[in-house]
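Data first, discussion second: the structure below is written as structure tokens.
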Amino acid sequence: MFIIGERINGMFRSVARAIRDRDANAIADLARRQVAAGAHALDLNTGPTADDPAEVMTWLVQTVQEATDVPLSIDSARPPVIAAGLRACRRPAIINSTTGAKAKLDALLPLAREYGAGLIALTNDERGIPRNAAARAEIALTIVARAMEAGLPTDRLYLDPIVLPVNAAQDQCKEALEAVAMFRTLCEPAPHILLGLSNVSQGTTNRSLINRTYLVMAMALGCDAAILDPLDRDLIDAIRTARILLNQEIYAESYLQSQPA
Amino acid sequence: MPVELVRETWPGRIFTVTIGATAAEGGTRASTVTIGGHAALPFLPGDAPSPHRPVVAMEVMDAVPPDWPETLRRPLADVLDAPADWARKCVEEYGAELIALRLWSPHPDWKDASPDAAAATVRAVLDAVSVPLIILGCDHAEKDNEVWPRVTEVARGERCLVGVAVPENYKTLVVACLADGHAVLAQAPIDINIQKQLTILMTEMGLPPDRIVLHPGTASLGYGLEYEYSIMERIRLAGLQGDRMLAQPMAAIIGEEAWKAKEARLTEAEMPAWGSAERRGPAWEAATAAAFLQAGADLLVLLHPEAVAATRRTIAALTAVAAPA
């Protein structure tokens, strides 16, 4: 399970403050804590900012690279901000994200090629968010075909079935899970299948429990990556336990006591 | 028709472990031995060339089992009572890269030698040879726990590999090795889950994961070899898949086990159909070693000089192939 830490996001008030004050120590500390807790990569999102977002993204990349050596996920809706982030990365990064919309793919596939980056692709398009698993798979297929045309190896694709909050679109939780199972067989080499996990529990009371329950179900269906909060210890423990139960890791009595792999 | 080779890449890498320390590193060894570092299954340089080839350690004992067969005694007859001379002979005559010193004599049912006597033997061997040293206990938990702290202390800074730690008895050894700068040989009884558990427990005590060598059990050709082989294979696969608690180099203590087999021991007079014992015994030991090499063993502990020579030839042949372009 490839874990992308979600905490460096300007939507969080403390991160917004650190960005405003250019408090490198606060950002570096958050980067290090997430990696120590089990993150394999870190998502960077400037959030709404009064400054030039491309400049903020560059600063975030430089700051986090000083603190850790994991890959970075450059998270922005705007391709120029993503390009600025990629330029600053010393190691291959991940673009977060394209959709199946033509304009997005036209802008981001060349960037992924140029920078040797992975590409997260949400399975929605100009028509909006699909209502069921089959419609998600249809968009996924378009994305895969465009990636192959563009010469992006499909194992650098992270297909996201789009998780919606359970309190707002309860029926869609199951549709997204079914889409996970469908995505697995789309192409060779198989794409990664990624959840933007925290969305499922947006606005609910039992956030941690809902997150970890949903993720282990998705793992059983073939989900192998997620953007999540690695500082949620119960969530990380659930992932590690699921890995054992899915025979992805060797069992040992004290498996939770070792450093996460 | 051209055959396309299948290349495999793995997310994990096996830790490297260095045995021995030179003067610059705080010890007195003239050379050190580094094992591990692999990013692929054994002897597949096309997948990833291994930085360190497997090594052979020659075993020296401070007390030789009385029932040792004549074939095994003969080449070492002049040194069997003197571990320091035995070690020197291994290095000078047989070119040993490292010595594994087995301390049987402290065993209460044998000679019940004192911890100080064992420590003196270790010191004498360290003084007699300048290659790195592996130190093995007598497999009696309580006595080993008395002996280890003295032994590690007298070898302080030499970065020996000391063992074996077992799930029921590892704490004293880990503390002693942490204090005196040694690595630990961790043994589990042909059980991958327990082997992993032991690594977790030892690292929790503060032992770095690159100061551990795994020993997944003892077996020889005809006597459980395939069980140990398959566990070693699974351990290596798990390590290459990124499990840091199973990503250590592996050792196989072969000589002691191989020479328990009747096929290695019986004389030609006792078993005429099996042919010359002079050839058969070392061959049994070398054949066991060859199998464990394929399973991923990084460190082979052998007894008979001819088995040592044969195993070195096997390693040379298996590592002679360069990575295909």
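Some values worked out for this structure:
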quantity	calculated
Residue identified as within 14 Å of chain A (Cβ to nearest Cβ) and either among the basic types (Lys, Arg) or over 30 Å from residue B:180 (Cα atoms) (or both) among B:246, B:266, B:237	B:237
Test for residue B:86: is it touching a Lys or Arg at 6+ places or on another chain (Cβ under 9 Å), crowded, with 17+ Cβ neighbours inside 10 Å and within 20 Å of residue B:137 (Cβ to Cβ)	no
Residue in segment A:119-139 that is under 18 Å from residue A:22 (Cα atoms) and not in a strand (DSSP E or B) present	no
Test: residue in segment B:116-124 that is part of a loop (DSSP other than H, G, I, E, B) and free of Cβ contacts under 8 Å to residues at least 60 places away in the same chain	no
Selection from segment B:182-206 of residues that are at pLDDT 95 or above, away from every other protein chain (no Cβ under 14 Å) and more than 21 Å from residue B:18 (Cα to Cα)	none
Residue among B:179, B:100 that alone is modelled with pLDDT of 95 or more, of a type outside the set (Ser, Thr, Tyr) and buried (at least 24 other Cβ atoms within 10 Å of the Cβ)	B:100
Which numbered condition residue B:81 misses (of (1) among the charged types (D, E, K, R); (2) buried (at least 18 other Cβ atoms within 10 Å of the Cβ); (3) free of Cβ contacts under 8 Å to residues at least 60 places away in the same chain)	(2)
Which listed residue is of a type in the set (Ser, Thr, Tyr), free of Cβ contacts under 8 Å to residues at least 40 places away in the same chain and within 14 Å of chain A (Cβ to nearest Cβ), from B:170, B:223, B:227	B:170
Pick from segment B:268-325, criterion touching a Ser or Thr at 6+ places or on another chain (Cβ under 7 Å) and outside any helix (DSSP H, G or I), ranking: surrounded by the fewest Cβ atoms within 10 Å (Cβ to Cβ)	B:268
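The values are calculated or read from the model by the stated rules, or taken from the named source; none is laboratory data. Note that the structure is predicted; figures quoted are calculated from it, not measured. Cβ atoms come from the backbone with ideal geometry, glycine included; neighbour counts cover every protein chain shown.
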